[in-house]
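Student: The structure's right below; bear with me while I get my questions together.
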Amino acid sequence: MSATPPKLVPRPKTAAARKDRVRNILDLLDNMYPNATCALQHGNAWELLAATILSAQCTDKRVNEVTPALFAKYPTIQDFAHASQDEMANDVRSTGFFNNKSKSLIGAAQRILTTFGGEVPHNIEDMLTVPGAARKTANVVLGTAFGIASGVVVDTHVQRVSGRLDLTRQADPVSIEKDLMKILPEKRWILFSHQIISHGRALCVARKPKCAECAIDPICYAKDKTITA
Ligand code: SF4
């Protein structure tokens with residue numbers, strides 16, 4: 001099986017054709033990743049927030065290795081809020097950037113306790129006031145823990161794959177998210193991120209994407225597609 005060379009893939013010329021193509025991409029993602037979900041293990045919204053803070057510049061696999069012991073040691077938000085920062089930095093050391101991350105975890109727990117009565121906020125405006133929670137983190141938690149479509153999670157996979165699929169021509173995550181929110185139906189914002197992250201891990205990898213195995217190949221004109229013989 002070989003992938004289609006980019007120059008042989010017709011580009012949509014009208015707004016209607018572009019819309020059809022997006023719909024087509026969503027259908028193909030549904031077929032490829034029907035059960036895509038967040039890979040960070042968690043038992044409640046607070047644990048998901050903590051795991052997402054730890055996942056910055058770190059793999060979900062590594063975070064999942066660290067969080068069981070972390071959540072056993074600090075079972076509640078109160079435990080996080082009153083923790084020693086040095087000790088927590090040590091507890092999360094293997095996820096990298098451990099000083100900043102421990103500061104964010106403790107700060108987030110304190111903010112949620114003092115301002116939000118111990119409940120992780122249910123809206124993006126409040127979430128963005130929580131230390132360590134920028135748009136990506138806020139969207140992950142609101143989407144996965146509460147099913148609230150506050151935006152589209154843009155991580156490194158969504159950034160790369162959305163560009164390859166010509167769903168955006170922007171480079172920074174905030175502008176990419178704005179483009180995706182414009183062209184995707186709101187009811188797809190949450191699942192789309194999970195599916196694209198799965199796709200970025202499985203096939204549309206950073207170096208040498210596995211285009212010959214990708215169902216989106218016939219409508220993908222990414223410049224860096226890999227064409228096998
Ligand atoms: S794997 Fe290849 S064909 Fe599929 S979306 Fe990525 S670049 Fe396009």
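Student: Applying the selection to the stretch 69-83, what residues are of a type in the set (A, V, I, L, M, F, W, C) and in contact (Cβ under 8 Å) with a residue 12 or more places away in the chain? Explain how you work it out, then say what you get.
Tutor: The first filter runs over the stretch 69-83 and keeps only residues of a type in the set (A, V, I, L, M, F, W, C), leaving 69-72, 77, 80-81, 83.
Of everything in the stretch 69-83, those that are of a type in the set (A, V, I, L, M, F, W, C) and in contact (Cβ under 8 Å) with a residue 12 or more places away in the chain turn out to be 69, 70, 71, 77, 80, 81, 83.
Student: Please enumerate the residues belonging to the stretch 185-229 that are within 8 Å of the ligand (Cβ to nearest atom) and either in a helix (DSSP H, G or I) or within 12 Å of the chain's Cα centre (by Cα) (or both).
Tutor: Listed by number, the residues that qualify are 199, 211, 213, 217.
Student: Looking at residue 181, is it at pLDDT 95 or above, more than 16 Å from the ligand (Cβ to nearest atom), surrounded by fewer than 18 Cβ atoms within 10 Å (Cβ to Cβ) and not acidic (Asp, Glu)? Don't jump to the end; show me each part of the working.
Tutor: Working: at pLDDT 95 or above: yes; more than 16 Å from the ligand (Cβ to nearest atom): yes; surrounded by fewer than 18 Cβ atoms within 10 Å (Cβ to Cβ): yes; not acidic (Asp, Glu): yes.
Answer is yes for this residue.
Student: Please enumerate the residues belonging to the stretch 147-175 that are outside any loop (DSSP other than H, G, I, E, B) and within 16 Å of the ligand (Cβ to nearest atom).
Tutor: Pass one, the stretch 147-175, residues outside any loop (DSSP other than H, G, I, E, B): 156-164, 173-175.
Across the stretch 147-175, the qualifying residues are 156, 157, 158, 159, 160, 161, 162, 163, 164.
Student: Against the definition (within 20 Å of residue 33 (Cα to Cα) and either surrounded by 15 or more Cβ atoms within 10 Å (Cβ to Cβ) or in contact (Cβ under 8 Å) with a residue 12 or more places away in the chain (or both)), how does residue 163 come out, yes or no?
Tutor: Values: within 20 Å of residue 33 (Cα to Cα): yes; either surrounded by 15 or more Cβ atoms within 10 Å (Cβ to Cβ) or in contact (Cβ under 8 Å) with a residue 12 or more places away in the chain (or both): yes.
Taking the combined requirement at face value, the residue satisfies it.
Student: Turning to a different aspect of this structure: So, restricting to helices (runs of 4 or more DSSP H) that lie completely within the stretch 57-134, which ones have at least 2 residues that are within 17 Å of residue 42 (Cβ to Cβ)? Can you show your working first?
Tutor: On the way: elements: 60-73, 77-81, 85-91, 98-115, 124-127.
In the stretch 57-134, the matching helices (runs of 4 or more DSSP H) lie at 60-73, 77-81, 98-115.
The values are calculated or read from the model by the stated rules, or taken from the named source; none is laboratory data. Bear in mind the structure is a predicted one, so any value in this text is a computation, not a measurement. No Cβ is skipped: glycine too gets one built from the backbone with ideal geometry, and neighbour counts run over all protein chains shown.
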